[in-house]
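First comes the structure, then the notes that go with it.
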Amino acid sequence: MTNVQGIHHVTAIAGDPQRNVDFYAGLLGLRLVKRTVNFDDPQTYHLYYGDEVGTPGSIMTFFPWPGARRGRAGTGQVAVTSFAILPGAVGFWLQRLVRHGVRYQGPAKRGPAGDASEQVIAFADPDGLPLELVATAAAESRPAWADAPGIARDHAIHGFHAVSLWLSDSAASEKILIDTLGLRQLSEDGSTRRFVAGDGGPGTIVDIRTVGDFPRGVGGAGTVHHVAFRVPDDDAELQIRAQVSKAGLHPTAVIDRNYFHSVYFREPGGVLFELATNPPGFIVDEPKESLGQALKLPPQYEPHRAEIEAVLPPIHVGVDAATASIFAETTGPEDVSGDALGFVHRYVPPNAGVELAGGTTLLLLHGTGGDEEDLLPVGRELLPGAGMLSPRGKVLERGAPRFFRRLAEGVFDQEDLAHRTEELATFIEAAVVTYRLESDGIVAVGFSNGANIAASVLLRRPGLLRAAVLFSPMVPFEPETLPQLTGTSVFIGAGRRDPIAPPDQAERLAAILRQAGAEVTLHWDPGAHTLTGAELAAAHEWLTRCITNSAENV
């Protein structure tokens, strides 16, 4: 009988593709080894992450559907996907998860006592997909991607450790694993039995947990679509396919997936299995050095590249190690896509073909309690198609992110404000280099606390911002010497009944900016401390006019 060698890849469903890239290529430090499309749905990305070359056994893949509804973990699914790390990396990963606000459980001991036991850290990705980091000395035998910024090889993920299947009744499924795929039972712990292939090390492990009457899983974002087992070549795949057919299951024909050849079938418990060949691998259509940088299409879709690229949302991969070092001396080893420039942030590239907005990047600065996602819808409404750079404030007030401290309502900590303003200005300068932005195309868009620090940037670092849209601002401070803001345009949106940012504050800020030479438009809304549709529409009209006038004067 021909046996499978272990796990080839795990494919799951995600929501927002950029958030998926930020988490797996950023926080987890996996390499994006291929960006292509779902071969059955070419208007959807298929993203592959792994080690340096996408070695079978290291490959986590996703179908990201923006706006996809959440799935539900349950029976008939791969419920938990586990990655292998070295025992000495546990502390590093605990600190990393804490720094990025990822909730986790553990580390907890699992397995037999002594050297063979595993330390397990359990957490979930942004879509709720259950994940684990399993610390085991055996991880050293598996390759790792050693060039993720801020993650040394000793701390890196060494491919998969295991997959855990949840089943109502496991007997028939276990028989398929043993008699058809050639795995062997290694251990039993309560309701979980462990099966292994090949050498039995990380990347060869399948845990089956019998959960009885637990509800059946529902597919959607945050669930695994299928697990693939690796086979050495086409001949072995055909032999195992014959074994699957002989077992009374119904395998598909061999399907060419460009980077491997596939056969699919459902095991008795309902989990979708795939047999995937080790060759030809991911360097078949692009060099190792540039893996994952360009969209690769299967030949049948290449004639439709323009239409496909127009539909797919733009994504970018995090900065490289050299760029991450920009902040090494000022903010410490901020080291992933999400916070490589000193702030947890989102960057959304401009849409292709949007000439008016294409050179503009909206710097989105949230109010107290917001985050890097908060103003993205505002940015899309304010200037459709523009690039968006959205950092999360680094100061916490009762757990709520802000951009600088305050001593009381309306009383700002001036020392901290000056420090945080310079910190944000440095972030902007590094983002211009990192994301290749037009330095004279940065427009700040802030609400409340975000508007206040944007005003502080205007007054402390003149010329850094091309323009600013300030919703519900206050005077951050009164400069002893006015800056030179000639050529800078500012829109201030204020509420006549705003108890937090009183109207006289908006009027005083407008006066200061005008005295400095800025061209200021003050828009009044009858409401309180909120951003209304009318205010947003007025800002949209103002910003469009500013950019149009600027383009005509070039």
Subject >> Helix-only [θ]222 nm of the chain, DSSP H runs n ≥ 4, -39500 (n - 2.57) each, per residue, nearest 500 >> reply: -6500 deg cm²/dmol
Original post:
Label residue 304 and residue 250 with points 7 Å out from Cα along Cα→Cβ: what is the distance between them in nm?
Top reply: 2.7 nm
**OP:** May I ask for the distance between the Cα centers of the range 270-311 and the range 439-488, given as a whole number of Å?
**Re:** 44 Å
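I'd like the antiparallel share, as a percent to the nearest 5, of DSSP beta bridges with both residues in the chain.
Counting only bridges with both partners in the chain, antiparallel ones make up about 55 percent.
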Subject >> Bridge type composition, the range 127-210 - antiparallel percent by DSSP, nearest 5 >> reply: 60 percent
**OP:** Across the chain, how many lysine pairs, 8 or more positions apart or on different chains, have C-alpha atoms separated by under 15 Å? Please give the number.
**Re:** 4
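Give me the net charge of residue 101's neighbourhood, meaning all other residues with Cβ under 10 Å from the Cβ of residue 101; Lys, Arg count +1, Asp, Glu -1.
So the surrounding residues net to +2.
To the nearest 20 debye, what is the magnitude of the charge dipole of the chain about its Cα centre, counting +1 on the Cβ of each Lys and Arg and -1 on the Cβ of each Asp and Glu?
Working: 46 positive and 66 negative charges, 189 e Å.
Its charge dipole is roughly 900 debye.
Hey, got the dipole for the range 418-534? About the Cα centre, +1 on K and R Cβ, -1 on D and E Cβ, debye to the nearest 20?
Details: 9 positive and 12 negative charges, 24 e Å.
Its charge dipole is roughly 120 debye.
Quick one: ranking 373, 174, 274 by accessible area, 1.4 Å probe, largest first, what do you get?
Details: 373 70, 174 25, 274 0 Å².
From most exposed to least exposed: 373, 174, 274.
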**OP:** Collect residues whose amide H, placed 1.01 Å from N in the peptide plane, falls under 5 Å from the amide H of residue 487; neighbours closer than 5 in sequence don't count.
**Re:** 519
Subject >> Among 97, 122, 111 - extreme Cα towards positive end, dipole of the range 77-215, charges at beta-carbon >> reply: 97
**OP:** Just read off the accessible area of residue 205 with the full protein assembly in place, 1.4 Å probe, to the nearest 10 Å².
**Re:** 10 Å²
**OP:** For residue 100 and residue 395, compute 0.36 nm times the residue count separating them, minus their Cα-Cα distance, and round to one decimal in nm.
**Re:** 104.8 nm
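With a length cut of 15 Å (Cα positions projected on each helix's long axis) and a Kyte-Doolittle mean of at least 1.6, go through the chain and give me the DSSP H helices that pass.
On the way: long enough: 234-246 (18 Å, -0.82); 414-434 (30 Å, -0.01); 449-460 (16 Å, 0.75); 503-515 (18 Å, -0.55); 533-553 (30 Å, -0.24).
The answer is none, since no helix passes both cut-offs.
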Original post:
Put +1 on the Cβ of every Lys and Arg and -1 on every Asp and Glu Cβ in the chain; which of 13, 488, 343 then has its Cα farthest towards the positive end of the dipole?
Top reply: 13
Subject >> Cα gyration tensor category, rounded, prolate or oblate, for the chain with a/c compared to 1.5 >> reply: prolate
Subject >> Antiparallel DSSP beta bridges within the range 1-121, percent to nearest 5 >> reply: 70 percent
**OP:** Please work out how much accessible surface residue 296 shows to a 1.4 Å probe, ignoring ligands, DNA and RNA, in Å² rounded to 10.
**Re:** 50 Å²
Subject >> Over the chain, relative contact order from alpha-carbon pairs under 8 Å, at least 6 apart, % >> reply: 12 percent
**OP:** Determine ³J(HN,Hα), in whole Hz, for all residues of the range 161-171 in sequence, where each value follows from phi through the Karplus function 6.51 cos²θ - 1.76 cosθ + 1.60 and θ = phi - 60°; x replaces Gly and Pro.
**Re:** 9, 6, 10, 10, 9, 9, 9, 6, 9, 9, 4
Original post:
Thinking of the range 178-230 as a set of Cα atoms, what percent of all their pairs are more than 15 Å apart?
Top reply: 60 percent
**OP:** Provide the per residue accessible area, probe 1.4 Å, for the chain, rounded to a whole number of square angstrom.
**Re:** 41 Å²
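Using only the heavy atoms of the protein chains and a 1.4 Å probe, how would 155, 100, 9 rank by accessible area, largest first? Numbers along the way, then the final one.
Working: 155 55, 100 30, 9 5 Å².
Ranked list, largest accessible area first: 155, 100, 9.
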**OP:** Quick one: order 169, 16, 498 from most to least accessible surface, probe 1.4 Å.
**Re:** 169, 16, 498
**OP:** Would you mind checking which residues have amide H under 5 Å from residue 33's amide H? H placed 1.01 Å from N; only 5 or more apart, or other chain.
**Re:** 48, 49, 50
Original post:
Given 227, 277, 250, which one lies farthest toward the positive end of the charge dipole of the range 183-332, if we put +1 on the Cβ of every Lys and Arg and -1 on the Cβ of every Asp and Glu?
Top reply: 250
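The values are calculated or read from the model by the stated rules, or taken from the named source; none is laboratory data. From a predicted model like this one, the values you see are computed outputs, not experimental measurements. When we count neighbours, we look across all protein chains shown, and the Cβ atoms used for this are built from the backbone with ideal geometry, even at glycine. Each accessible area value is taken on the protein alone, full model and side chains, heavy atoms only, with ligands, DNA and RNA left out. Shrake-Rupley method; radii C 1.70, N 1.55, O 1.52, S 1.80 Å.
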